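Reviewing the structure listed below.
Every number in this text was worked out from the coordinates using simple rules, so none of it is lab data. Quantities reported herein were computed from a predicted structural model and do not represent experimental measurements. As a convention, Cβ positions derive from the backbone with ideal geometry for all residues, glycine included, and neighbour counts pool all protein chains shown.
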Amino acid sequence: MMKSWLRLAILVLLISLLAACGGNADEQESAENTEEKTEQTGDTESTEAVTVRDAFEEKTFEETPVKVLALEWTYVEDLLALGVQPVGVADIEGYNSWVDIDAELDEEVVDVGTRQEPNLEMIAELEPDLIITAGFRHEAIQQELEFIAPTLFFDPYPTDETVSQYDEMEETFRTIAKVVQKEEEAESVLEELDAKYEEAKEQIAAADLKTNEFVLTQAFSANQAPTLRLFTPNAMATQIFEKVGLENVYDSGQFEMYGYSEVNVEALPAVEDANFFYVVQDDDNVFEDQLQSNSVWQNLNFVQNDQLYPLGGDAWLFGGPLSAMTLVDRIVEVVEEE
């Protein structure tokens, strides 16, 4: 009942807005004249039509979107990397807790609810030109979002085993850049990232680690028990580690769409000779809390040999190029401290 009411309210609101816009022919003509003069003088970027493909279909944009809204954190940082401040973001508090990049959100950016259940009424009130989100998260409200504004749906977790999450990240970043006409900026960011990999590879080699083998986990409490996500070869974060000269040793033996397996501490002896890199939140550090007195944990070789490398709670392992840069910086920092 509530969802039906909300959809009706949004429909009425948008119809009213469209009616108001269509009721003033003089203003429309004036705006068209202004656009024509702008194109002639070259004061802004070209507004040539752009066609791209998202997770579902091809979509054409006749004009460059200016007011862009992002419902997934990866696409928030993609916009920031391109110099575009989104008008709205889902769960800004969570974003600030988990994601640490150089570019920051303006204080004026509006929080539009959670990533799982964004507030459609608030989104409509912002009148975005473009909404960007993940298909797996918001396919169920595709029609509602597309009624508000053109929407790009991406798939950060490809089911095609030949396409890695890293490849998808780069492709999506370039697609967003094309739509907002920031393609040169995108290539500059990716070139900077590649240069950072090469520099970090030299720094890590100079650190002379006991081994170049690693396992990466993001750990947290679930039902009051420690849960560890061990990242698999197809994960974006795993491939970032390998780009700086480290070698992943964990493989679940099957394709993991999300790029990790959820395990408990009993799975760790199989990888105990590797360096153990981990991400935990300060208020949920399962290694210092629940596992501190766990005999399996305490007897692991990487614990005994001091090969534990904390990356911080805000090293986001599912982000875009800027999160990749942060992750590389954290890796170098912790291995050089050894």
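Peptides 159-171, 71-83 ranked from most to least packed by the mean count of surrounding Cβ atoms within 10 Å: 71-83, 159-171.
Nearest 10 degrees is fine. How inclined is helix 25-41 to the longest principal axis of the chain, computing both from alpha carbons? Taking the Cα atoms of the chain, the angle to 25-41 is about 60 degrees. Quick one: grab the alpha carbon gyration tensor of the chain, order the square roots of its eigenvalues as a ≥ b ≥ c, and give me rounded if a/c is under 1.5, else prolate or oblate depending on whether a/b is larger than b/c. Verdict is prolate for the chain.
Which whole-number percent is the relative contact order of the chain (Cα, under 8 Å, 6+ apart)? Relative contact order comes out at 17 percent.
Report summary: the helix-based calculation at 222 nm, which adds -39500 (n - 2.57) for every DSSP H run with n ≥ 4 and divides by the residues of the chain, gives -13000 deg cm²/dmol.
Taking a ≥ b ≥ c as the square roots of the eigenvalues of the Cα gyration tensor, segment 40-181 is classed as rounded, since a/c falls below 1.5.
Can you tell me the 0 to 90 degree angle between the C-alpha axis of helix 2-22 and the longest principal axis of the chain, rounded to 10? That works out to roughly 50 degrees.
Each part reduced to its alpha carbon centroid, segment 297-338 and segment 110-131 end up 34 Å apart. The overall shape of segment 45-93 is oblate: from the C-alpha gyration tensor, with semi-axes ordered a ≥ b ≥ c, the ratio a/c is 1.5 or greater and a/b is no larger than b/c.
Calculated translational diffusion coefficient of segment 115-174 (20 °C, 1.002 mPa s; Stokes-Einstein with Kirkwood radius over alpha-carbon pairs) equals 170 µm²/s.
Counting only DSSP beta bridges whose two residues both lie in the chain, roughly 40 percent are antiparallel. Among THR60, THR217, the order by Cβ neighbours within 10 angstrom, fewest to most, reads THR60, THR217. Computed from backbone phi, the HN-Hα couplings of segment 317-330 come to 8, 10, x, x, x, 6, 5, 4, 5, 4, 4, 4, 4, 5 Hz, rounded to whole numbers (Karplus: 6.51 cos²θ - 1.76 cosθ + 1.60, θ = phi - 60°; Gly and Pro given as x).
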